[in-house]
2 protein chains.
Amino acid sequence: MKKFLFLFLFGITAPGFSQEQTSTEDSLEIRKIYDMALLNGQAYNWLEHLSLKIGPRLSGSLNAQRAVEYTRNELEELGLDKVWLQSVMVPKWVRGAKERAYVQTDATTRREIKIAALGGSVSTPANGTKAGVIEVQGIEDLARYGEKEIKGKIVFFNRPMRADVINTFEAYGECVDQRYAGAAEAAKYGATGVIVRSLTHRLDDFPHTGSMTYNDLPVSKRIPAAAISTNDAEYLSSLLKLDPTAELYMKINSRQMEDVESFNVIGEITGSEFPNEYIVVGGHLDSWDLGDGSHDDGAGVVQSMEVLRLFRELGYKPKRSIRVVLFMNEENGLRGGNKYAEMVKQNKENHIFALESDAGGFTPRGFSFDAGDSQFAQIEKWKSLFEPYLIHQFDRGGSGADIGPLKNNSIVLAGLRADSQRYFDHHHSDNDTFEHINKRELELGAATMTSLIYLVDKYGFNRIRNVEEPKM
Amino acid sequence: MKKFLFLFLFGITAPGFSQEQTSTEDSLEIRKIYDMALLNGQAYNWLEHLSLKIGPRLSGSLNAQRAVEYTRNELEELGLDKVWLQSVMVPKWVRGAKERAYVQTDATTRREIKIAALGGSVSTPANGTKAGVIEVQGIEDLARYGEKEIKGKIVFFNRPMRADVINTFEAYGECVDQRYAGAAEAAKYGATGVIVRSLTHRLDDFPHTGSMTYNDLPVSKRIPAAAISTNDAEYLSSLLKLDPTAELYMKINSRQMEDVESFNVIGEITGSEFPNEYIVVGGHLDSWDLGDGSHDDGAGVVQSMEVLRLFRELGYKPKRSIRVVLFMNEENGLRGGNKYAEMVKQNKENHIFALESDAGGFTPRGFSFDAGDSQFAQIEKWKSLFEPYLIHQFDRGGSGADIGPLKNNSIVLAGLRADSQRYFDHHHSDNDTFEHINKRELELGAATMTSLIYLVDKYGFNRIRNVEEPKM
């Protein structure tokens with residue numbers, strides 16, 4: 001019995017000891033990564049260019065093309081083993097100038113309201129549309145009011161993001177259906193237009209745009225849809241209580257053009273030992289056409305580029321092939337993400353891991369992993385290596401939109417999780433600008449991503465998802 | 001052997017089980033605290049008033065007095081059991097108008113530099129002082145250059161905060177001696193003035209002031225000292241390499257006045273079971289005279305007030321007496337903190353715990369505890385209750401300047417630890433303003449503080465510090 005106990009204890013401590021050996025080397029390497037990112041980082045300079053010299057990068061726009069060329073050139077400057085563009089056809093939606101809206105209570109009283117057409121919205125008639133307004137708290141309210149009360153009106157979706165949810169992405173997820181499907185649903189009841197309360201906790205004056213769908217609604221039935229600021233939503237809601245007959249005028253001049261050619265930008269350091277095993281790190285190069293897309297997702301783009309630059313600067317030669325992929329068209333189509341995954345499938349490329357940064361350039365808090373049980377068990381052993389950098393969250397859950405199409409029964413997907421409290425202050429609005437980027441926060445994110453990829457490259461992954469941890 | 005093993009396992013699991021019982025109730029209570037803070041918080045409104053209606057609150061100023069009156073009134077509105085002012089004499093230093101500096105390279109070329117006299121600095125002669133500049137990387141450099149090279153010159157302390165330190169307060173701690181003691185030390189070598197690179201990682205145009213000391217230097221030997229922005233420091237350093245004979249002109253019109261009466265503002269909910277055991281929560285009401293002191297430490301003030309308001313709103317009746325103390329004169333004297341501790345000693349009040357928030361109103365990450373071993377072991381058991389709120393740091397270390405004087409051999413002290421990355425972007429400068437406060441981050445801090453105080457109130461503390469954890 002004693003002997004058994006001894007072996008039992010030894011059986012427990014031996015792997016711990018071996019892990020400790022590993023950890024010391026890994027600790028030192030990770031320290032070097034953070035030091036380089038913080039002392040001699042490039043991400044902030046790249047983002048400054050992308051945001052201030054180029055600006056917003058809606059798919060199909062001239063700016064998007066300039067961003068493609070700029071980032072390709074910068075990747076080429078790094079001396080990677082390969083840099084190339086992957087052609088992808090993307091939708092081209094144009095907002096058009098002079099969007100306008102006002103609320104009218106009587107013949108002489110108008111209050112201007114700032115609107116931003118949702119991405120993909122049809123235009124109003126050339127001289128705008130004017131109608132009474134019905135406020136609802138969500139799509140589920142439409143059936144309750146029915147065609148009788150909705151027909152001929154503008155539907156005002158006003159369910160706010162919940163403040164008592166700690167992770168703001170969760171609160172966003174609970175409300176985004178109003179923006180995404182509100183117009184398609186309201187049109188079924190004969191609404192003539194839709195306005196949506198902006199998806200942010202803050203009370204401010206920025207309309208926040210975003211994607212929407214008409215699903216299979218015939219073109220003739222499609223109605224225009226726009227975001228209004230939270231302050232205007234509060235105002236309009238109060239006004240409608242006092243004067244339910246108030247009317248809203250809105251004018252949108254958007255156009256959906258033919259698809260145009262654009263590109264994913266890809267760079268690679270080819271692996272020294274397992275060149276046919278791929279690790280992807282990326283963000284999306286396109287943004288909405290408001291602000292300059294610094295947080296969404298300029299930050300993710302430059303952090304991903306920085307991962308490969310840091311390996312180069314540190315003289316770290318990965319065993320596996322590391323690819324940075326700057327995806328085009330995450331915001332209104334995901335064409336780039338789908339196209340990349342298609343290519344992987346066609347070429348039978350063996351992707352073992354993909355990491356996306358698309359949650360803003362704020363202080364990194366950790367990662368969310370879409371992984372099998374044994375894979376996650378392996379990942380969790382790395383957690384303590386990140387604690388000196390105040391990275392504590394190793395959760396299981398979603399990863400990133402662009403890398404989603406890579407999912408199969410062996411790859412591990414992950415998303416960088418940044419502090420989420422300020423993200424929706426900026427998201428998809430004129431308030432997403434470079435001045436709201438903190439250099440250190442951005443750099444810490446890049447270092448955190450690089451450290452994780454270093455570990456994945458070094459140790460690889462158990463390649464079978466959704467199995468139980470093997471018994472000791 | 002089997003029986004022994006059974007008891008052994010039972011001995012481990014039993015306390016766990018009992019803790020779990022407690023945790024469920026505590027989890028629910030803490031959830032209520034966060035919900036109330038986020039859905040119906042008052043901290044942000046209070047801070048808006050303190051920052052925008054009152055503004056900077058340097059000790060001895062009219063604004064400081066207005067802040068005393070405002071916060072006393074607001075605490076009275078909460079219907080606490082007691083609200084009072086504690087008189088304390090504070091230093092009154094006045095910056096004076098028209099600080100000015102420029103760098104002169106030849107008779108016709110001047111470049112203006114923005115300066116901010118350090119708090120407590122003497123003025124220059126009425127028409128300013130002009131001298132050559134010697135750049136040093138710290139106080140330790142002074143002896144190396146010696147009187148020969150320093151006498152008659154302005155010493156330029158230019159050691160930057162290290163970027164590779166993750167916690168920015170640590171990087172600050174490594175540099176602050178230049179600001180605090182630079183003038184006193186440089187004067188010993190015959191310098192005529194001192195300028196100090198602002199203590200921030202950012203390259204920007206804000207001079208960041210802060211406290212300084214002349215130690216026991218006779219009045220006649222004291223030399224003026226000012227902060228310059230990091231951008232100007234970079235410029236000046238480059239210039240001096242090209243032209244070591246460049247001269248700096250500086251003019252400061254500060255005055256040290258007689259001490260004046262001011263106040264700590266104190267509110268109390270008297271304990272229902274142990275009214276003679278006190279728990280203190282506080283921040284400091286004074287600020288520097290630049291910006292509006294939103295992060296330093298308006299945030300800590302309103303978060304501390306919010307702790308008591310949340311208890312009131314939730315109908316939670318503490319067993320122990322909970323005091324909010326808004327300390328006066330943390331920045332340039334600590335008179336309020338010392339005065340409060342004196343009173344505690346005189347009245348033999350039994351203080352078991354004090355918590356200060358003075359690290360900015362950013363996303364809370366946890367606490368730093370100044371506690372004995374067994375006390376900290378008790379505290380660590382609470383850690384998991386905070387994880388749903390993404391609070392992961394329960395460290396041992398310092399607490400807060402104002403509560404430091406309360407230290408004895410039984411009290412536990414703690415400081416709220418907020419995300420530190422942006423703190424020094426704002427600290428002691430015109431950039432510390434209300435627009436840089438995020439409502440949710442501020443409220444999460446208040447809820448985190450309230451939750452900890454709820455636990456301390458409920459369970460009390462082992463009252464002996466620095467003993468080993470009792471054996472099981």
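Per-residue Cβ counts within 10 Å, from other chains only, averaged over A:158-168: what number is that? Provide the component values of the computation, followed by the final result.
Details: counts 0, 0, 0, 0, 3, 9, 8, 2, 9, 2, 1.
Other-chain Cβ atoms within 10 Å of each residue's Cβ, averaged: 3.
Report the relative contact order of the range A:215-354, percent, no decimals, based on alpha-carbon pairs under 8 angstrom and at least 6 residues apart.
Working: 167 pairs, mean separation 41.2, N = 140.
So the answer I get is 29 percent.
Computed FRET efficiency, Cβ-Cβ of B:Leu52 and B:Ser237, R0 45 Å: what is it to the nearest 0.05? Write down the numbers at each step before the final one.
Values: r = 37 Å, r/R0 = 0.81.
According to the calculation, E is roughly 0.75.
For A:Leu239, which inter-copy label distances result when the label point lies 7 Å beyond Cα on the Cα-to-Cβ vector, reported in nm to one decimal and in ascending order?
5.4
Taking a label point 7 Å out from Cα toward Cβ, give me the nm distances from A:Met343 to the same spot in the other copies, shortest first, one decimal.
Taking the point 7 Å beyond Cα along Cα→Cβ, the inter-copy spacings are 6.9 nm.
Quantify how much of the Cα-Cα distance distribution of the range A:96-253 extends past 26 Å, in percent.
Roughly 18 percent, once rounded to a whole number.
Please report A:Tyr340, B:Tyr172 as a ranked list, fewest other C-beta atoms within 10 angstrom at the top and most at the bottom.
Arranged by neighbour count, lowest to highest, A:Tyr340, B:Tyr172 become B:Tyr172, A:Tyr340.
Take the alpha-carbon centre of the range A:306-383, take the same for the range B:112-182, and report the distance between them in whole Å.
Spelled out, the Cα-based centre of one part sits 45 Å from the other.
If I model a spin label as a point 7 Å beyond the Cα along the Cα-Cβ vector, how far apart are those points for A:Ser27 and A:Tyr459 in nm?
1.5 nm
Could you grab the relative contact order for chain B? Cα pairs under 8 Å, six or more apart, rounded to a whole percent.
20 percent
How do A:Ser262, A:Ser272 line up, fewest other C-beta atoms within 10 Å first?
A:Ser272, A:Ser262
Where the label is 7 Å out from Cα toward Cβ, how close does B:Ala143 come to the same position in every other copy, in nm, shortest first?
B:Ala143 label point versus its equivalents elsewhere: 8.2 nm.
One quarter of the convex hull surface, Cα atoms only: what value does that give for chain B in nm²?
That works out to 25.5 nm², a quarter of the Cα hull's surface.
Please report the antiparallel percentage of DSSP beta bridges with both residues in the protein assembly as shown, rounded to the nearest 5.
55 percent
Hey, which aspartates and glutamates would be in cross-link range of A:Lys148, C-alpha to C-alpha under 18 Å, not counting anything within fewer than 8 residues on its own chain?
Counting by Cα, and skipping residues close in sequence, A:Lys148 has these aspartates and glutamates nearby: A:Glu135, A:Glu140, A:Glu185, A:Glu247.
How long is the range A:259-373 along each principal axis, judged by its Cα atoms, biggest number first, in Å?
On the principal axes, the range A:259-373 reaches 44, 35, 32 Å in Cα extent.
Between chains B and A there is a rotation axis; tell me the chain B residue with the nearest beta carbon and how many whole Å away it sits.
B:His392, 2
At 0.36 nm per residue, minus the direct Cα-Cα distance, what do A:Glu261 and A:Lys345 gain on full extension? Give it in nm, one decimal, please.
28.1 nm
Checking understanding here: applying a Kyte-Doolittle mean of at least -1.0 and a length along the axis of at least 15 Å (C-alpha), which whole DSSP H helices in chain B pass?
Result, helices passing both filters: B:2-39, B:176-188, B:230-242, B:299-313, B:439-459.
Packing-wise, with mean Cβ within 10 Å as the measure, how do A:213-221, B:99-107, B:324-332 rank, highest first?
The peptides rank, most packed first, as B:324-332, B:99-107, A:213-221.
Out of all DSSP beta bridges in chain A, what portion is antiparallel? Express it as a percent rounded to 5.
Looking only at bridges with both residues in chain A, the antiparallel portion is about 55 percent.
Kirkwood hydrodynamic radius for the protein assembly as shown: how many Å is it when counted over pairs of different Cα atoms?
Across the protein assembly as shown, the inverse of the average 1/r is 30.7 Å.
Which percent, to the nearest 5, of DSSP beta bridges fully inside the range A:96-253 are antiparallel?
Taking every DSSP beta bridge within the range A:96-253, about 55 percent pair in antiparallel fashion.
Quick note: the coordinates plus some simple rules give every number you see, no bench work behind them. Remember, predicted model here, so these are calculated numbers, not experimental data. With ideal geometry, Cβ positions are generated from the backbone for all residues, glycine too; neighbour counts draw on all protein chains shown.
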